[in-house]
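In what follows, a single structure is set out as structure tokens and then discussed.
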Amino acid sequence: MARRKSGSKLKRLFFLAILVGLAYVGVNAFRSGPAATIAIEHALPAIGKSTPLTVKVNEATRGLGALKVELVQGERSELLHEEEHVQLPPWKFWGPRVEEKQFELTVGRQHQDWLKEGTASLRVTAGRAPAWIMRPDPAVEELELPVRLRPPTLTISSRNVFAAQGGSEVVVYQVGESSVEDGVRAGDWVFPGFPLPGGQPGQRFALFSVPYDMPDATQVKLYARDDVNNESQMNFVDRFFPRPLTTDTIPVNDRFMGRVVPAILAQTPELTDQGNLLDNYININRKLRAQNAETLIELSRESEEAFLWDEVFLPMRNAKVTSSFADRRSYVYNGTVVDHQDHLGYDLASVKQDKIEAANDGVVVLSRYFGIYGYAVVIDHGYGLHSLYGHLSSLSVAEGDTVERGQELGRSGVTGLAGGDHLHFTMLLHGLPVNPKEWWDPKWIRDRLKLKLRDSLPYEG
Ligand SMILES: [Zn+2]
């Protein structure tokens with residue numbers, strides 16, 4: 001009896017072993033991995049000069065294996081990316097494996113000079129995990145995109161484009177339909193183009209400046225680009241007048257710093273106290289000056305798309321010029337140069353607390369304590385042109401006010417970084433300080449702007 005019992009137990013164990021063995025063989029023979037999910041994302045509508053693409057591949061069961069990304073056009077293809085990972089063997093249900101991958105790729109004429117206009121496909125191949133007798137085809141995903149390589153047409157209409165270093169100028173031009181952005185670039189500065197008021201479709205103009213610290217006009221280019229970054233560009237300045245920066249030495253002493261530093265710190269809570277007068281002064285002169293410049297660039301982005309003025313700009317009446325545009329200043333304390341900064345406006349002095357008037361019609365976009373400029377007013381004159389009035393003792397306009405040429409904005413003073421009662425006056429084009437002298441000159445406006453803009457500029461001077 002006992003022998004028969006143990007005999008049937010053995011039999012059952014034997015059958016169990018066979019079952020486990022069969023299951024193992026079955027799993028190894030047939031358990032291939034599922035197809036990976038592949039997603040191709042593109043932010044741009046076509047392949048152009050340089051088009052970024054994102055590829056996401058995902059397979060969590062047996063993990064990712066061989067991955068391949070190709071760009072295909074007609075008979076031609078280029079391998080853009082290849083990598084291989086070890087997948088889990090069929091009998092393993094857990095363990096280390098690569099479940100997902102993401103690639104950032106850039107394709108386009110700049111990277112594949114063989115691309116032609118038409119269409120091209122991005123092909124992503126992800127190998128599936130095999131079993132002994134199941135070798136499934138890899139998962140393949142293709143994205144077909146148009147290939148556009150022709151930049152927008154760009155033709156200049158203006159003749160006699162004369163630009164002076166630190167000065168302003170205008171250019172009128174025509175762009176093709178595919179242009180989505182155009183204007184003038186001067187080094188890092190961008191002067192956007194706008195539709196020419198009353199002009200034909202595609203007729204554009206840009207007010208621009210050669211920056212005060214740019215010694216030639218080779219970096220000044222007119223450009224137009226389409227939505228896939230194909231770009232036309234050209235040099236267009238016919239004559240350039242260098243106007244090197246002047247230099248000046250500004251002595252600073254404890255009495256001056258003792259007056260201006262605590263007042264600016266009190267009005268500027270975001271500045272951290274450097275612990276002593278000189279370091280605080282240098283911090284104001286560098287960091288706060290740079291922050292104020294950045295704010296002026298930000299303000300210019302909100303500028304109205306219209307000429308808000310129709311007469312020449314007014315200089316301050318009966319004022320003596322104590323400093324003019326584009327001065328490279330060395331600051332000297334106790335015989336040592338402690339800082340260098342560029343002074344980018346006119347300093348105009350008259351009597352104390354003199355009436356400060358708007359240089360032209362516009363909209364007040366800033367009227368408050370403004371860093372190194374103390375109490376200040378900024379007026380938007382449209383198309384990125386602004387005027388700034390600094391060191392005021394009082395303000396008589398509010399942000400959002402429409403002001404007329406000659407209207408009182410406040411009174412002159414010594415607030416901010418000012419040695420004595422004076423007006424600091426700056427004109428800015430898209431945030432870049434430009435020489436105000438031109439804008440005070442009716443002949444310059446006529447010759448440089450009116451002759452090119454004609455009826456688009458409502459100026460009769
Ligand atoms: Zn000044």
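The values are calculated or read from the model by the stated rules, or taken from the named source; none is laboratory data. This is a predicted model, so every value here is computed, not measured. Heads up, the Cβs are rebuilt from the backbone with ideal geometry, glycines too, and the neighbour counts pull from every protein chain shown. When the accessible area is computed, the model is the full protein with side chains, heavy atoms only, and any ligands, DNA or RNA have been set aside. Shrake-Rupley method; radii C 1.70, N 1.55, O 1.52, S 1.80 Å.
Pull up region 349-378, narrow it to residues that are among the hydrophobic types (A, V, I, L, M, F, W, C) and modelled with pLDDT under 95, then point me to the one that is nearest to the ligand (Cβ to nearest atom).
It comes out as 349.
Looking only at region 320-336, filter to residues that are within 34 Å of the chain's Cα centre (by Cα) and of a type outside the set (Asp, Glu); which one of those is farthest from residue 214 (Cα to Cα)?
In the first step, residues of region 320-336 are kept if they are within 34 Å of the chain's Cα centre (by Cα); the result is 323-331.
With the extra rule that they be of a type outside the set (Asp, Glu), the set shrinks to 323-326, 328-331.
Values: 323: 21, 324: 18, 325: 14, 326: 12, 328: 13, 329: 17, 330: 20, 331: 23 Å.
Taking the candidates together, the pick is 331.
Tell me which residues, restricted to region 411-425, are within 11 Å of the ligand (Cβ to nearest atom), out of contact with any helix residue (DSSP H, G or I) (no Cβ under 7 Å at 6 or more places or on another chain) and in a strand (DSSP E or B).
Listed by number, the residues that qualify are 422, 423.
Looking at 345, 384 in this structure, which one is away from the ligand (no atom under 16 Å from the Cβ), buried (at least 17 other Cβ atoms within 10 Å of the Cβ) and either within 21 Å of residue 213 (Cα to Cα) or assigned by TED's automatic domain parsing to the domain that holds residue 168 (or both)?
Working: 345 fails: away from the ligand (no atom under 16 Å from the Cβ).
The match here is 384.
Being assigned to a strand (DSSP E or B) and open to solvent by 10 Å² or more (accessible area, probe 1.4 Å): is that true of residue 446 here? Outline the logic, then answer.
Details: assigned to a strand (DSSP E or B): no; open to solvent by 10 Å² or more (accessible area, probe 1.4 Å): yes.
Spelling it out, it is not the case that residue 446 is assigned to a strand (DSSP E or B) and open to solvent by 10 Å² or more (accessible area, probe 1.4 Å).
Considering 438, 460, which residue is in a loop (DSSP other than H, G, I, E, B), of a type in the set (Asp, Glu) and either at pLDDT below 95 or open to solvent by 10 Å² or more (accessible area, probe 1.4 Å) (or both)? Steps first, please.
Working: 438 fails: in a loop (DSSP other than H, G, I, E, B).
460 is the lone residue from the list that is in a loop (DSSP other than H, G, I, E, B), of a type in the set (Asp, Glu) and either at pLDDT below 95 or open to solvent by 10 Å² or more (accessible area, probe 1.4 Å) (or both).
For residues that are closer than 22 Å to residue 263 by Cα and among the aliphatic types (A, V, I, L, M), scanning just region 357-379, find the one that is surrounded by the fewest Cβ atoms within 10 Å (Cβ to Cβ).
Filtering region 357-379 for residues that are closer than 22 Å to residue 263 by Cα and among the aliphatic types (A, V, I, L, M), the one surrounded by the fewest Cβ atoms within 10 Å (Cβ to Cβ) comes out as 366.
With the checklist (1) on the phi < 0 side of the Ramachandran plot; (2) surrounded by fewer than 17 Cβ atoms within 10 Å (Cβ to Cβ); (3) in a loop (DSSP other than H, G, I, E, B) in hand, flag the one item residue 275 doesn't pass.
The failed condition is (1).
Among (1) out of contact with any Leu (no Cβ under 8 Å at 6 or more places or on another chain); (2) at pLDDT 95 or above; (3) open to solvent by less than 30 Å² (accessible area, probe 1.4 Å), there is one condition residue 121 misses while meeting the rest; what is its number?
It is condition (1) that residue 121 fails.
Tally time: how many residues in region 185-207 are in a strand (DSSP E or B) and more than 24 Å from the chain's Cα centre (by Cα)?
Residues flagged as in a strand (DSSP E or B) and more than 24 Å from the chain's Cα centre (by Cα) within region 185-207 amount to 1.
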